[in-house]
């Protein structure tokens, strides 16, 4: 199990968007990684899609394998202007 570390930006966005730590935990446990960014620095990151109380949410996090930490970067509710209706694929421009 990884320890979750919340960046200030993520906490601010969670408060603005009424997303709890429990919501984020549920999404990371039950959600699906829909994009991976292996070349991100300082740690590889990924985008996880899941639902909290029926609400679709995306969580962006970086995984520090050495310290077994997941660093939560941001959390947001995807919109249909940018995402397909399943919120797992970006719309083509």
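Here, each number is a calculation from the coordinates, and none is a lab measurement. All values reported here derive from a predicted model rather than from experimental measurement. Here the Cβ positions follow ideal geometry from the backbone for every residue, glycine too, while neighbour counts run over all protein chains shown.
A few notes on this one:
- Amide N proximity, region 1-18 versus residue 76 label position 7 Å along Cα-to-Cβ, cut-off under 19 Å: 6-18
- For the Cα trace of the chain, dividing Rg by the Kirkwood Rh returns an Rg/Rh value of 0.95.
- Ellipticity estimate at 222 nm from DSSP helix runs (n ≥ 4, -39,500 (n - 2.57)) divided over the chain, nearest 500: -6000 deg cm²/dmol
- Label-reachable residues, region 32-48, where backbone N falls under 13 Å from a point 7 Å from residue 63's Cα toward its Cβ: 32-39, 43-48
- Top of 61, 15, 47 by mean-square fluctuation, Gaussian network on the chain, Cα under 10 Å: 15
- Take every DSSP beta bridge whose two residues both sit in the chain; close to 85 percent of them are antiparallel.
- Highest-MSF residue in the chain out of 35, 21, 66 [GNM, Cα springs under 10 Å]: 66
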